[in-house]
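The values are calculated or read from the model by the stated rules, or taken from the named source; none is laboratory data. What you are looking at is a predicted structure, and each value in this text was computed from that prediction instead of being measured. Quick reminder, even Gly has a Cβ in these numbers, built from the backbone with ideal geometry, and neighbours come from all protein chains shown. Side chains are part of the model used for accessible areas, which takes the heavy atoms of the whole protein and leaves out ligands, DNA and RNA. Shrake-Rupley method; radii C 1.70, N 1.55, O 1.52, S 1.80 Å.
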Amino acid sequence: MKPAPFAYVRPGTTEDALAELGRDGAKVLAGGQSLVPVLAMRLGRPSTLVDINAVPELNQLSRSNGNLRVGATVRQRQVQYDDAAAAVPLLRLALPWVGHREIRSRGTVCGSIAHADPSAELPAVASCLDATMVVASTGGAREIPASEFFTGAMSTAVLPEELLTEVRFPVAEDGEGFGFGEFARRHGDFALAGVAVRVRTTAAGPDAQISCFGISDHPVTRDVSQQLRAALDATGAEPDEAGLRRALGDHAAGIADDVVDTGGDAHASAAYRRQLMAGLVSRQVARAYLKSVRSTREGESS
């Protein structure tokens, strides 16, 4: 199929782009890796495409005030290899799983998050880190935490006349460790199940948070600190990865039962996704915890 007819504009400033988005039926075009297939299948029929790639201030990648700031037209592959992005290790872990190299060369970080596909990696990363989304309209800008941003399958808190101008990811601190894993039929396919993990080692014990994707209509975030601490009680404070994974396995099935609420589809049943999620959670939480311990020791020795 071919897209339905639409008008095309390419503004040179954010203000002009926002003015165009104020028109009824306008849609943002950045990387186009999510939007163009939707248009080709006529699942969307915008009256106007607002191409924001000529707006220089939207193509900024920088670190400031404890955040990595990723502008609306920054490509995924740039974030994957830019030195500034090394401050957010979870992004570096997740990006190689996003589509294929050619897709990451055009696709944008903000575009993937705004598209909010339930099986996409970057919305889960944003949720796990509680990133901040900055959206703007002709009436001004507002900030939306990730916990309030994703409202359903391919649905977010961004209004039709608004533009997601940047995402702010908090940079990693000493004592933090991260894990990321997913299972798909082939590399580059949408994930049947996946998880992003952040563990922070504190004097009171580890804090652990997971964000799961591919198993609901939006990323599902849970605090699993209690389960991790219970596993460490069984293994001791300095377990090896295999031992900690086994101990976490006693709790992972319950976590999977809690987070998987899809009814299943042609690719995988809900029961199969629960099995996948249990394995992914136990593996990645164990890895993230051990990384957090190493990070704590490195911070103390520096």
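Looking at region 159-166, can you tell me whether even one residue there is surrounded by fewer than 17 Cβ atoms within 10 Å (Cβ to Cβ), in contact with a helix residue (DSSP H, G or I) (Cβ under 9 Å, 6 or more places away or on another chain) and at pLDDT below 95?
Yes, because at least one residue in region 159-166 is surrounded by fewer than 17 Cβ atoms within 10 Å (Cβ to Cβ), in contact with a helix residue (DSSP H, G or I) (Cβ under 9 Å, 6 or more places away or on another chain) and at pLDDT below 95.
Looking at region 207-219, which of its residues are buried (at least 22 other Cβ atoms within 10 Å of the Cβ) and at negative phi?
A208, I210, S211, C212, F213, I215, P219 - these are the residues of region 207-219 that are buried (at least 22 other Cβ atoms within 10 Å of the Cβ) and at negative phi.
List the residue pairs whose Cβ atoms are under 6 Å apart, where the first residue sits in region 35-49 and is surrounded by fewer than 15 Cβ atoms within 10 Å (Cβ to Cβ) and modelled with pLDDT under 90, the second is part of a helix (DSSP H, G or I) and of a type outside the set (A, V, I, L, M, F, W, C), and the two are 6 or more positions apart or on different chains.
No pair meets every condition.
In the list R274, R287, which residue meets the criterion of being basic (K, R), part of a helix (DSSP H, G or I) and free of Cβ contacts under 8 Å to residues at least 60 places away in the same chain?
Residue meeting the stated conditions: R274.
Being assigned to a strand (DSSP E or B), surrounded by 17 or more Cβ atoms within 10 Å (Cβ to Cβ) and basic (K, R) is true for just one of R104, R69, R77. Which residue is that?
After ruling out the rest, the residue left standing is R69.
List pairs: first in region 204-222 and closer than 13 Å to D117 by Cα, second in a loop (DSSP other than H, G, I, E, B) and open to solvent by 50 Å² or more (accessible area, probe 1.4 Å), Cβ under 6 Å, 6+ apart or cross-chain?
S216/D261; D217/A153
Among the residues of region 211-243, count how many are charged (D, E, K, R), within 19 Å of K291 (Cβ to Cβ) and assigned to a strand (DSSP E or B).
Here the count works out to 1.
Given (1) free of Cβ contacts under 8 Å to residues at least 40 places away in the same chain; (2) open to solvent by 40 Å² or more (accessible area, probe 1.4 Å); (3) closer than 27 Å to G264 by Cβ, where does V98 come up short, assuming only one miss?
(2)
For region 2-20, how many residues meet the condition of being modelled with pLDDT under 95 and under 21 Å from R106 (Cβ atoms)?
Result for region 2-20: 3.
If a residue must be within 19 Å of A256 (Cβ to Cβ), open to solvent by less than 10 Å² (accessible area, probe 1.4 Å) and assigned to a loop (DSSP other than H, G, I, E, B), how many such residues does region 167-191 contain?
Of the residues in that region, 1 qualify.
When R246 is evaluated against the numbered criteria (1) in a helix (DSSP H, G or I); (2) open to solvent by 60 Å² or more (accessible area, probe 1.4 Å); (3) closer than 24 Å to A126 by Cβ; (4) not β-branched (V, I, T), which criterion, by number, is the only one it fails?
Every condition holds for R246 apart from (3).
Cβ contacts < 6 Å: first residue over 30 Å from R23 (Cα atoms), restricted to region 50-75; second residue assigned to a strand (DSSP E or B) and at pLDDT 95 or above, any location; separation 6+ or different chain. Result?
Listed pairs, sorted by first residue: S62/R69; N67/R168; N67/P170; L68/F169.
Could you check how many residues of region 29-53 are among the hydrophobic types (A, V, I, L, M, F, W, C), part of a loop (DSSP other than H, G, I, E, B) and touching a helix residue (DSSP H, G or I) at 6+ places or on another chain (Cβ under 9 Å)?
3
How about region 111-157: which of its residues are in a loop (DSSP other than H, G, I, E, B) and either open to solvent by less than 40 Å² (accessible area, probe 1.4 Å) or out of contact with any strand residue (DSSP E or B) (no Cβ under 7 Å at 6 or more places or on another chain) (or both)?
Answer for region 111-157, where residues must be in a loop (DSSP other than H, G, I, E, B) and either open to solvent by less than 40 Å² (accessible area, probe 1.4 Å) or out of contact with any strand residue (DSSP E or B) (no Cβ under 7 Å at 6 or more places or on another chain) (or both): A116, D117, P118, S119, A120, A131, T138, G139, A153, M154, A157.
Determine which single condition S292 fails, assuming it passes every other condition in (1) within 20 Å of V220 (Cβ to Cβ); (2) small (G, A, S); (3) within 23 Å of the chain's Cα centre (by Cα).
If we test S292 against (1) within 20 Å of V220 (Cβ to Cβ); (2) small (G, A, S); (3) within 23 Å of the chain's Cα centre (by Cα), just (1) comes out false.
Residue-by-condition table, conditions (1) charged (D, E, K, R); (2) open to solvent by less than 20 Å² (accessible area, probe 1.4 Å):
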position	(1), (2)
V260	no, yes
S269	no, no
Q275	no, no
A286	no, yes
S292	no, yes
E300	yes, no
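State which residue pairs qualify: first residue over 13 Å from C212 (Cα atoms) and inside region 108-128, second residue aromatic (F, W, Y) and open to solvent by 10 Å² or more (accessible area, probe 1.4 Å) in any location, beta carbons under 8 Å apart, and separation of 6 or more residues or different chains.
Final answer for the pair search is A116/F150.
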